[in-house]
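The values are calculated or read from the model by the stated rules, or taken from the named source; none is laboratory data. Bear in mind the structure is a predicted one, so any value in this text is a computation, not a measurement. Don't worry about glycine lacking a Cβ; one is built from the backbone with ideal geometry, like all the others, and counts go over all protein chains shown. Accessible surface areas use protein heavy atoms only, side chains included; no ligands, DNA or RNA. Shrake-Rupley method; radii C 1.70, N 1.55, O 1.52, S 1.80 Å.
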Amino acid sequence: MHTGLEDLPGGFERLAAFYAERARGGVSLIVTGGFGINAQALGLAEQAAHSTLCSEAQALQHRVLTEAVHQEGGHIALQMLHVGRYDYATGGVSASAIPSPLSPHVPHELTSAEIEQLIEDYAACAKWARMAGYDGVEIMGSEGYLINQFLAPQTNQRQDQWGGSAAARQKFALAIVQKVREALGPDALIIFRISLLDFVSQGSRFEEVIDLAQALEKAGVSLFNSGIGWHEARIPTVATVVPPAAFSWATRKLREVVSVPVITSNRINTPEIAEAVLARGDADMVSMARPFLADPEFVNKAAEGRSQDINTCIACNQACLDQIFSKQAVSCLVNPRACHETLWPVQTTSQSLRIAVVGAGPAGLACATEAAGRGHQVTLFEAAPQIGGQFDLARRIPGKEEFSETLRYFENLLKKRNVQVRTGERVQAAGLAGFDKVVLATGVRPRMPEIPGLNHAKVKTYIQAIQQPQAIGRRVAIMGAGGIGFDVAEMLSEPAHQGSVDALIRYQQEWGIDVTMTQAGGLTSPVASPSDRDIVMLQRRPGKQGKGLARTTGWIRRTQLERRGVRQLSDVVYERIDDEGLHILVNGESQCLEVDHVVLCAGQESDTDLLAPLQAMGMPVSVIGGAEQAAEIDARRAIEQGMRVALAL
Ligand code: FAD
Ligand code: NAP
Ligand code: SF4
């Protein structure tokens, strides 16, 4: 997992601290993020980057990583990467001059001499890795990177010795493994990340994957790791919509035809899921990436039978993958310390204060648990009968069910750290006298736009719609197309019959995954499942809806709603709501949407009712999360701010 730390000043030291913490937490084998095998491997724009390993000086720089892991009793392998045509800046190089859909540039078609040189570069990189102290290497042969581009007919249309037949397309991968094995000798670990399902048209067929795996094993591979889907694939492979261990069945097919151990991956985020995968015989080992951002102690906690204490990765991508694609260091929504270990160490306080935290949404939960962990005496007030705030609504959205795990984690931590939790108590300013400090984490409430008829019985807030979706009629207008508008549309458009279908089968059918493994690239036609409700989403601004959704998940949500037949209207003026429905102006023309309900998803406003009275009492107050700023508030900002304020107490 690339962390984005590699190129920051002092980044290797931060990365060493990150890896050391995971090794201490019980991880047996760490595989780094992809490091370029030569100066061009990550794309020309990245030439100056530290994310390559092709010289002695760089090998010495890596020692801080390998030594940190070895000191904690762990093992570490270097992932060797060449991105090929995924060089977004220039198009890079590839087997054939065919651009990727993700880049406007045509890649340079490698000559035979250039291919031979690249094979040497892989071997040289592996040698530098050993000099740097790595226990071995992982050769990245999946996800649509250069080796994968040689393997698939879609990107390899050469007619020389490197293309044409499946055997010729596989020659590049085989030659790399042979050379790397020669370079490293018999003992070093060589993992090959093999693409089991490309999820692109004219991708490899599974029979070709089997032939490749068997030949690679003979060439010296010690372990296979599973790769699922190219980066350009239009099937979600790690997002929340993907069910747990959704691809271990594919790893099992590989396991049946090779004799070295195989590793499975993707959406394995609890010890129970991992154990079930192993017990079924789907794989010999399990690899996880994001769960180790969420909790460095995952393995130790699992080994001690404390899985209830694990801070579970909820597959949101918000602080990890979305960050990487905007070229920033990764972190984690549920654990902001990830990759920031050296910047935010836990420090116990020398003066224990009486702290009141008002509001048990993500901001309040993070602040209360962190402050108590530092040794303060914390009381947490929450008006609702349960903790969670808006997050308690989020977890009811189909696909976001695992958000409940975050609340389970906080609930346990509150108990462990002796936070006094007072749910069902809407505290007033007077009730906070006597505390040394108050943290207001009172969050947000729905914005009520000034539109005639807003009090009509047809109008529901998003809170009402999420809490009682069964009370929403067949014809629905959703006012507002931000994150919550999309979530509400997903919830209301989910076909009722889908509840009875197994989640994995439903996902495979909805996205067109070929479980027979007979089709090229593992693709088949998606099965449409239109919404039972007639839903229209509205926004006032012109243009396509959902532009502000996250980079790695926005397309999934837009595709899903489109396939369900949810309509979208932009550039809308709201006129009024009455018995007939919602009256709007579109392109200057009046029309009435005859709907049963109008669901308000028109943004949110901060709840700061307590601030002025507390200030008047002279009480020291900090305001965090949505209460501090409602615009663009999400759980990520709320949790990080809660933690930071607690660290400053
Ligand atoms: P809140 O969550 O609003 O919590 C404030 C709490 O304070 C409430 O529980 C309230 O009852 C309590 N309170 C207020 N006044 C008092 C008082 N006087 N006494 C006691 N208690 C009081 N974010 C993401 O990052 N990713 C997502 O995928 C995501 N999906 C979402 C889906 C939905 C449907 C919704 C509604 C939100 C979603 N969010 C998501 C947004 C995220 O949940 C919010 O940004 C986050 O909860 C804000 O946290 P907060 O702690 O600041 O406030
Ligand atoms: P939002 O994303 O800001 O969207 C608000 C919507 O309301 C917009 O479509 C806006 O569009 C409309 N609107 C604003 N003022 C209006 C008014 N006066 N009258 C009518 N319409 C109005 O906010 P949100 O959907 O409430 O989400 C809140 C936060 O939760 C977001 O910042 C987001 O980060 C977070 N969230 C995240 C996710 C996720 O999956 N990551 C999911 C849900 C929520 P127009 O102004 O064009 O009409
Ligand atoms: Fe998992 Fe979200 Fe954290 Fe990424 S940011 S590791 S997806 S919980």
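Per-structure values
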read-out	value
Backbone N within the stretch 91-116 under 16 Å of label point (7 Å from D160 Cα along the Cβ vector)	93-98, 108-116
FRET efficiency, E580 to Q351 (Cβ-Cβ, R0 60 Å, nearest 0.05)	0.40
Centre separation in Å (Cα based) which lies between the stretch 488-559 and the stretch 231-308	24
Amide H contacts under 5 Å for I139, placed H, 5+ residues apart	M80, I191, F192, R193
Per-residue HN-Hα couplings for the stretch 461-469 [Karplus 6.51, -1.76, 1.60; θ = phi - 60°; Hz; x = Gly/Pro]	7, 4, 5, 5, 5, 6, 6, 9, x
Percent RCO, i.e. relative contact order, over the stretch 462-537, from Cα pairs under 8 Å lying at least 6 residues apart	41
DSSP bridge orientation in the chain - percent antiparallel, rounded to nearest 5	20
Computed E for K127/A303 - FRET, C-beta separation, R0 60 angstrom, nearest 0.05	0.95
Distant alpha-carbon pairs in the stretch 5-324 (separation over 28 angstrom), percent	38
1.4 Å probe accessible area per residue over the stretch 5-324, in Å²	35
Per-pair calculated FRET efficiency, R0 = 41 Å: Q629 and R280 via Cβ, rounded to 0.05	0.30
Relative contact order %, the chain, counting alpha carbon pairs below 8 Å whose residues are six or more apart	12
Packing-based order for 79-85, 431-437, 302-308, using average beta carbon neighbours within 10 Å, highest first	79-85, 431-437, 302-308
The stretch 198-284: relative contact order in percent, alpha carbon pairs under 8 Å with at least 6 residues between	32
Computed accessible area, W555, all protein chains, 1.4 angstrom probe, square angstrom	40
Tensor-based shape of the chain (alpha-carbon gyration tensor, a/c under 1.5 rounded, otherwise prolate or oblate)	oblate
Computed helical MRE - 222 nm, the chain, DSSP H runs ≥ 4 contributing -39500 (n - 2.57), nearest 500	-9500 deg cm²/dmol
Net charge over other residues, Cβ less than 13 angstrom from the Cβ of T552 (K, R count +1; D, E count -1)	+3
Nitroxide proxy distance, nm - points 7 Å out along Cα→Cβ at N587 and S201	3.1
Where Cα atoms sit under 16 Å apart: lysine pairs in the stretch 5-324 separated by 8 or more or lying on different chains	4
C-alpha center-to-center spacing [the stretch 568-626, the stretch 119-177] in angstrom	54
Residues whose placed amide H lies under 5 Å from that of G453, excluding near-sequence neighbours	I577
Residue-count net charge about R252 - beta-carbon cut-off 9 Å; Lys, Arg +1, Asp, Glu -1	+1
Reach of K547 by Cα under 19 Å, taken over aspartates and glutamates that are not fewer than 8 positions away in the same chain	E232, D322, D487, E490, E562, D571, E632, D634
9 Å beta-carbon shell around W162, net charge (K/R +1, D/E -1)	+2
Surface share of carbon and sulfur [accessible, 1.4 angstrom probe, percent] for the chain	49
Protein-only accessible surface order, largest first, of D579, D121, D284 at 1.4 Å	D579, D284, D121
Sorted peptide list for 107-114, 401-408, criterion being average Cβ within 10 angstrom, highest first	401-408, 107-114
